[in-house]
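A quick write-up on the structure given underneath.
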Amino acid sequence: MTTTRLFSDRCERSGLCRVAVVCAVCLAAAATMAGAADAAAPGEAWISLFNGKNLDGWIPKIAKHECGDNYANTFRVENGVIKVSYDGYGPFDGQFGHLFYKEPFTNYRLRVEYRFVGEQAEGGAGWAFRNSGIMIHGQTPQSMAKDQSFPVSIEVQLLGGSGSDERTTGNLCTPGTHVVIDGKLEKKHCINSTSKTCHGDQWVTAEVEVRGNTIKHIINGETVLTYTDPQLDDSDEDARKLLDAGQKPMLTGGTISLQSESHPVEFRKVEILKLDE
């Protein structure tokens with residue numbers, strides 16, 4: 001009698017094999033049912049906002065230029081990625097830019113893959129070294145003033161490391177807005193996350209989860225910052241214009257845009273998962 005047959009006979013006599021088989025079947029059935037439920041659930045499909053070929057569906061707004069003017073071809077598509085480039089600039093001269101998706105969103109999970117490359121544009125500020133961002137809950141590009149540097153929004157700040165010093169990414173900045181953290185209205189303009197530093201030209205996955213009034217920043221699968229109650233700052237001039245135009249102070253959604261702040265950056269994936277209300 002072989003060792004395998006002997007083991008099988010012992011299992012049958014003890015009933016262990018029958019239990020194992022039943023457990024395996026139950027687990028397989030549960031996994032199948034869960035998979036079927038996930039596949040059938042409405043709104044579970046990730047939607048790509050970037051087609052990999054061109055900027056269809058996106059609107060540039062660069063400070064000192066009219067809405068829709070992609071000055072010096074700042075935002076371009078090459079080799080399947082959105083590139084933010086400054087080879088057509090002289091000095092940067094405060095020409096901060098944003099590339100807006102055409103429609104606003106509320107209740108979603110946004111996933112963006114990015115990396116910093118090359119050298120910072122001449123005249124870029126020191127703080128803008130390897131610095132970009134994903135703006136959410138933003139105003140429309142059409143409502144921005146010609147010389148306005150940043151949309152009123154919540155910024156998921158993206159930072160690259162210098163190669164030596166620690167520098168978190170997935171931070172929070174608040175142009176024209178405030179949020180609540182740990183039950184306290186937070187009025188600091190920028191708040192660091194708990195992320196690791198991302199040195200070099202590595203691709204980094206940044207996600208933003210918006211569920212009702214709660215927002216989470218997620219870097220490479222790790223939640224690094226959570227806050228609630230995004231709202232307009234009535235002491236900010238640009239925010240006051242929106243309030244005067246009738247916008248409600250509490251923000252539940254808005255535009256999504258990608259930032260140009262003087263350092264070349266690439267985005268190879270921009271996709272969204274719409275969540276239930």
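Count of segment 249-277 residues, restricted to those that are under 12 Å from G133 (Cα atoms) and of a type in the set (A, V, I, L, M), is 3. The condition of being under 23 Å from L49 (Cβ atoms), surrounded by fewer than 16 Cβ atoms within 10 Å (Cβ to Cβ) and touching a His at 6+ places or on another chain (Cβ under 9 Å) holds for only one of T205, T223, T214, that being T223. Picking from residues in segment 244-272 that are surrounded by fewer than 16 Cβ atoms within 10 Å (Cβ to Cβ) and hydrophobic (A, V, I, L, M, F, W, C), the one that is farthest from V179 (Cα to Cα) is A245. The single condition among (1) farther than 18 Å from L258 by Cα; (2) out of contact with any strand residue (DSSP E or B) (no Cβ under 6 Å at 6 or more places or on another chain); (3) of a type in the set (S, T, Y); (4) at pLDDT 95 or above that S149 does not satisfy is (1). Among the residues of segment 57-102, those that are of a type in the set (D, E) and closer than 19 Å to A145 by Cα comprise E66, D69, D93.
Determine, yes or no, whether V117 is surrounded by fewer than 18 Cβ atoms within 10 Å (Cβ to Cβ), touching a residue at least 12 places away in the same chain (Cβ under 8 Å) and not small (G, A, S). Yes; evaluated as a whole, the condition is true for this residue. Assess whether Y89 counts as being in contact (Cβ under 8 Å) with a residue 24 or more places away in the chain and in contact with a helix residue (DSSP H, G or I) (Cβ under 6 Å, 6 or more places away or on another chain). Judged against the criteria, Y89 is a match. Restricting segment 162-204 to residues that are among the small types (G, A, S) and over 18 Å from the mean Cα position of the chain (by Cα), the residue that is farthest from E222 (Cα to Cα) is G176.
Take the conditions (1) at pLDDT 95 or above; (2) over 15 Å from the mean Cα position of the chain (by Cα); T226 misses just one of them, which is (2).
For segment 89-142, residues that are over 16 Å from H65 (Cβ atoms), of a type in the set (F, W, Y) and touching a Pro at 6+ places or on another chain (Cβ under 9 Å) total 1. Using beta carbons and a limit of 6 Å, which pairs, at least six apart or on different chains, have the first residue in segment 171-195 and in a strand (DSSP E or B) and the second one among the charged types (D, E, K, R)? What qualifies is C173/E155; T177/D233; H178/K187; H178/D233; V179/E186; V180/D229.
Of all residue pairs spaced 6 or more apart or on separate chains, those with beta-carbon atoms under 8 Å, a first member in segment 231-248 that is of a type in the set (A, V, I, L, M, F, W, C) and a second member that is in a helix (DSSP H, G or I) are L232/A239; L232/L242; L232/L243; L242/S143; A245/S143.
When every residue of segment 233-241 is checked against the conditions, at least one turns out to be farther than 27 Å from K53 by Cα, touching a His at 6+ places or on another chain (Cβ under 8 Å), at pLDDT 95 or above and not in a strand (DSSP E or B). Cβ-Cβ contacts under 6 Å between residues 6 or more apart (or on different chains), taken from a first residue in segment 217-230 that is closer than 18 Å to G183 by Cα and in the same structural domain as T194 (by TED's automatic domain parsing) to a second residue that is surrounded by 16 or more Cβ atoms within 10 Å (Cβ to Cβ) and of a type in the set (D, E, K, R), are listed as T226/K216.
The values are calculated or read from the model by the stated rules, or taken from the named source; none is laboratory data. All of these numbers come straight from a predicted model, not from anything done at the bench. No Cβ is skipped: glycine too gets one built from the backbone with ideal geometry, and neighbour counts run over all protein chains shown.
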